[in-house]
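One structure is given here, and the rest of the page talks about it.
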Amino acid sequence: MDTTKTPAPNASEADTSPVDLDKAETPQPAEAEADADSALTDADLDDDTFAEDQAEDEEPSHVGSAASAIVAAGLGVVALSGSWVAGIVSERASVAARLELSQAADANAQIAAQFVDPWHATAMVNGVFAALALIIATFVLALPAFSTPERTLPTWVRSVSWAGIGLGALGVLLFVLMYFDLLLAIPKAAG
């Protein structure tokens, strides 16, 4: 086996001395290994101590708060735009009111059965969604006040929570306006 180095093509002076590949390793004294092993104690290797050190170094996770803030904002949007639950409840109220009508019912009773009862049922369902959005978003914003003083929510979580509060408050306002017929007047039959 040839162990000589070949000179580099652009090297002015190449080292052509053979390289000894069979160099003897210098063994470390047994005392140095013993000192390295004794530096680690049982306390350093204890899993509980390691876990506590990691827990102290980590920042608190805000996954629950973030998810709750997003849910609150979503519920606020649903309260304003309506949901299939509100549609089903509205149709049920309409059918139930029509079934209670007699054939000789006047026009105002028919309007109430076909329009007012479903309108109020829709307002009620949307109001429930709005109230849930308002409660959850307020809870998310108030949660750090009841935990450790240094725990604060990330800015985006607080922003989404405030959006949930705004949407929930607007939904509750629309519920009141719809349910008590302040938004639109109930149509009346002439004569």
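The values are calculated or read from the model by the stated rules, or taken from the named source; none is laboratory data. As the structure is a prediction and not an experimental result, all values here were calculated from the model. A quick note on method: Cβ atoms are made from the backbone with ideal geometry, for glycine too, and the neighbour counts reach across all protein chains shown. Surface accessibility is based on the protein's heavy atoms, side chains included, excluding ligands, DNA and RNA. Shrake-Rupley method; radii C 1.70, N 1.55, O 1.52, S 1.80 Å.
Set the Förster distance to 35 Å, then compute FRET efficiency between ARG158 and MET124 from the Cβ-Cβ distance, nearest 0.05. Write down the numbers at each step before the final one.
Details: r = 31 Å, r/R0 = 0.87.
My answer for the efficiency is 0.70.
Take the Cα gyration tensor of region 61-170, multiply each eigenvalue by 5, square-root it, and list the three semi-axes largest first, rounded to whole angstrom.
Values: eigenvalues 347, 19, 17 Å².
Ellipsoid semi-axes (Å, largest first): 42, 10, 9.
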For TRP162, TRP84, write out the residues from largest to smallest accessible area, computed with a 1.4 angstrom probe and no ligands counted. TRP84, TRP162
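Restricting to Cα pairs below 8 Å that are 6+ residues apart, what does the relative contact order work out to for region 49-191? Please round to a whole percent. Present the calculation step by step, with values, prior to reporting the outcome.
On the way: 174 pairs, mean separation 52.4, N = 143.
Relative CO of region 49-191 lands at 37 percent.
Full extension from SER83 to PHE146: what is 0.36 nm times the residue separation minus their Cα-Cα distance, to one decimal in nm?
Values: separation 63, 0.36 × 63 = 22.68 nm, distance 3.39 nm.
Extra length from SER83 to PHE146 when fully extended: 19.3 nm.
Once you have the Cα-Cα distance between SER61 and GLN103, take 0.36 nm times their residue separation minus that, and quote the gain in nm to one decimal. Could the numbers behind the result be given before it?
Working: separation 42, 0.36 × 42 = 15.12 nm, distance 6.31 nm.
In short, 8.8 nm is gained.
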